[in-house]
Each structure stands twice: as structure tokens, then as C-alpha cells.
1. I need a count of the residues in the stretch 160-176 that are surrounded by fewer than 22 Cβ atoms within 10 Å (Cβ to Cβ), outside any strand (DSSP E or B) and either modelled with pLDDT under 95 or in contact with a strand residue (DSSP E or B) (Cβ under 9 Å, 6 or more places away or on another chain) (or both).
2. Examine the stretch 133-145 for a residue that is touching a strand residue (DSSP E or B) at 6+ places or on another chain (Cβ under 6 Å), assigned to a loop (DSSP other than H, G, I, E, B), surrounded by 23 or more Cβ atoms within 10 Å (Cβ to Cβ) and not assigned by TED's automatic domain parsing to the domain that holds residue 444, and state whether such a residue exists.
3. Would you say residue 344 is on the phi < 0 side of the Ramachandran plot and either in contact with a strand residue (DSSP E or B) (Cβ under 8 Å, 6 or more places away or on another chain) or surrounded by 20 or more Cβ atoms within 10 Å (Cβ to Cβ) (or both)?
4. Quick one: would you say residue 461 is in contact with a strand residue (DSSP E or B) (Cβ under 6 Å, 6 or more places away or on another chain) and more than 24 Å from residue 54 (Cα to Cα)?
5. Determine whether the stretch 271-293 contains at least one residue that is under 30 Å from residue 358 (Cα atoms) and over 22 Å from the mean Cα position of the chain (by Cα).
6. So residue 406 fits all but one of (1) over 22 Å from the mean Cα position of the chain (by Cα); (2) under 30 Å from residue 216 (Cα atoms); (3) in a loop (DSSP other than H, G, I, E, B); what number is the exception?
7. Identify the residue in the stretch 260-303 that is touching a strand residue (DSSP E or B) at 6+ places or on another chain (Cβ under 7 Å) and assigned to a helix (DSSP H, G or I) and, among all such residues, is surrounded by the fewest Cβ atoms within 10 Å (Cβ to Cβ).
8. Can you find a residue in the stretch 480-493 that is under 28 Å from residue 73 (Cα atoms), within 24 Å of the chain's Cα centre (by Cα), at pLDDT below 95 and surrounded by fewer than 24 Cβ atoms within 10 Å (Cβ to Cβ)?
């Protein structure tokens, strides 16, 4: 029997490890190599079954099942990636494809988009999915009273209407070639319509898992939905919110869970050497940031913002906090793997002389500011803040680091305190990133920054179909954000997660959001 046939049998579970190794050794392969070959073959073929247990470093007791308010990975993985589906999705390779929709097409000016729904799709409750559900779901974010994080993404939508049971027509005020990416956002799954409104309270959805027990900020469970429109593998899922990185790591090492996100960078090499777990490292679009409230003194002065940006030794932070598992941020939130990325004209490397120059322009010889932080913002946020304090002190800036409570960080600190630590998962297009976090009217504009030229270009970039002109527009916007914006983009970090040896995954893991694009429960399996 040849090796190729042996691999196929091992993948299908029709050859034992012992038989595989013996036959491989008879063919002249060493025992160690044969063991590795068997493990790889056995993990390659997706298999159904098992209860997949995860521990994620996010989640709060104030969470709800309303996708408009989803703030983090815990909510995205459960309330979107597991329970529900959007019209479109971004593949691990970065392409946008139909999901709950069967297909979509646009007018020549990209102002009118028609989405055709999959035939026979049902919600978990048994209700058939129709165009009215899509209309209610999208309008859930557009309502005047809506505080949805996706509201700013839909500002150009002027009309959403059903065209029969299976088609939805969405009209925009100006063209947007990226609209299928927009509609794929994890805040915009399709919910059942109830009395003309989107019913998010029930947890009913069209995703791969039916809602089970749900305790906000604690845990969430689900069982595989038999009528999901794609193949999935786990019978059941359980997601735990464990914000403490040590506790999360202990849960994996003790066998209480099969997977954790946000591995402690300080111990990841030790975990890998132990050989008991697999580490997955993905260089994605995610970045750690320190947003300043541009409406509050002294951050309302651009020279103060620039002085602080130049006072940060990002190289040191990447080296000591990320331990090399990432790259320096240059106050540009558009990652190098995103279309139209451009390195800003001016590099904001640590420069005490430029700090003094901008402080002087601001009429200051020294500066004292508070910086709120917690490892709830990201693993290593407290250490990063301490390093910022040390480098700034050499430049005449006194950063008072305030260590905040982790359990209420996203409710009481982020977008509440004038300067704090935070993170962004990034987005697959510049328009999505800018519209979500930098547009003047964005719900999550966490620096409260407004720049007329930037907002003008944001509108122009969406409707520009000439690729060269579009690249120029987004290039200029990245320069404006870096020089005038209120967000210090500290570093781009690699997604560092770990799983038990019994867990397997596709060759390509999505970089657009953490935890395999927040769709791990439908893409991974037990080996």
C-alpha cells in the first residue's frame, strides 16, 4: 500500500495509528516521521461530533443578544458566528461571498444592490426566512433612536425594500463598491421580523447552532442546527468568558476547555515547547490603540496629540509586550494586508526633540495627563501603559497611569475616560475601518475626532470606481488620520490562540477578525 492511500485511510478513520506507523516503517520511513504523518493525515479530514468548549478573554454581564450592541469577540463568536448569519461573509482569503444570500448584483453606479435569498432557508424556530426579515434586520440599525455600532456604516442607505419573498433591494445615496463587505459586518445578522421589527430578544437565528443556555458575561451554549445551509462539525458548543489570561490558560492546560484566545505572550513559547497544545498565530488586521478624546483638553490640541504620539517608543512596546509577535503601529489603522494600505508620509517613531517641538507649539514646556488602562483592554495593556509612561517621562511628559477595574472596563472606561487603552480587530477594507471608528458620526468614534476633509474624502472614496483614484483617496485619508487623528495606533498584533491537540482547523485561518473571523464554531472540528 502506498503512502497516499494510507493518508486517505487515516484521514477517514479507517486505519489505526499503529498500522499506519508499521506500514510506513516498512516503507523506510522513521517512526518519528510516521507518527507526524499520521497525526497530520488524521486531522485533515473534518469529522462530526463532540462538544467544543472555548474560553474567551471578553464578555461582560451587561451583554445582550442585540447584535447592534456587540462590543467584542465573545458576543461576535456566539451571537453572530454561531447563532446567526449575515447576507454575505468574508472568506479566510479576504473575498466577500454570499452567505444567507444566494447571490447579489449591483447597478453600474453601485448605488442599487439586489440580494437574492437562499431558497428554503429557515430560522431555528422553523419560520421561513423571507425578504421582510432582511428589511427589518437592516432597518434595526437605521432607526433614528438606534445606537447601533453599524449605524454609521449604513448612513448612505436611503431605502430597503422587499421585491417578492426572496429578493431585497437596497438603494444608496451614492455608489459603494464595497457594500457587500459592509453588509457582512458581525453587527448585521439577519433576524426574524416580528410586528415589523427585528426580534433579537429570542436569540432565534439561521446560524449553525441553536441557542442554549446563555448567561451574559459568564457562558453561552448551543446545539448544532440540522438545517444549516453549510456543513458544520461540532454537535455542541460552550463558550466561557474568562477575562483573566492566567485563568484562561489554566482552563486549557487542565482540560476544562479545548480552545482559548489571547494567549499570554509571556508564556506562549513555554506552552508550545510543552507539546500538549497547538498554538495558532495569525498576522491579521487587529491593532492595539490608545484613543484620546479630542473634545477634552488637552487632547483637543493637535500638537498635544502629536507630542504624545512621538513620546511613545513603539519598538520597545512591540519587543517587550508582544515579544515580537506583531509589528509597530504608525498611527494608521489600515493594516498592510488590507487593500489600499499606505505607509503614512511621516513616521511617528520615538523622538524627544519632536515632542518638545510640538509641546512648544501648544504653548507648553511640560505636560501631565491621565491614561486609563486594564488588561481587559488587551493582554499586556498595563505593561504597555507603563512603558509609555517611562518613554514620555524622558520628554517632559508625565503620564499618570490609572489601573481600572477589568470587569467594567468597556462600560465605564472606554469612550468615557479622556485617554485609555483599547483594541480594534480591524476591518477588511479602509472604508469599513474608517466608517466604524473615525467618521464624525460613527457610534464607535472612540476619539470623538472630526476632520472635515477626512469626512469629505470618506464619501468620495466609497463611490469612486476608478481604482487608481480610489487608492489616492484612501492614501490621503491615512495621512490625515496619522497626523491629525486622536488615536495612537501602538502596534499591530498577531492573533495568538491555543487549542488542544484534539482540535483541527482548515489550512487558512481568517485574519479579518480574531478566532478565525469569529466563525470558529462552524469551521473547526475534532480530529
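The values are calculated or read from the model by the stated rules, or taken from the named source; none is laboratory data. Fair warning: this is a prediction, and the values are worked out from it, not measured in the lab. Reconstructed Cβ throughout: ideal geometry from the backbone, glycine too, with neighbour counts over all protein chains shown.
1. 6
2. No, the conditions are met nowhere in the stretch 133-145.
3. Here the answer is no, as residue 344 does not meet what is asked.
4. no
5. Yes: one or more hits.
6. Just one mismatch for residue 406, condition (1).
7. 272
8. No, the stretch 480-493 contains no residue that is under 28 Å from residue 73 (Cα atoms), within 24 Å of the chain's Cα centre (by Cα), at pLDDT below 95 and surrounded by fewer than 24 Cβ atoms within 10 Å (Cβ to Cβ).
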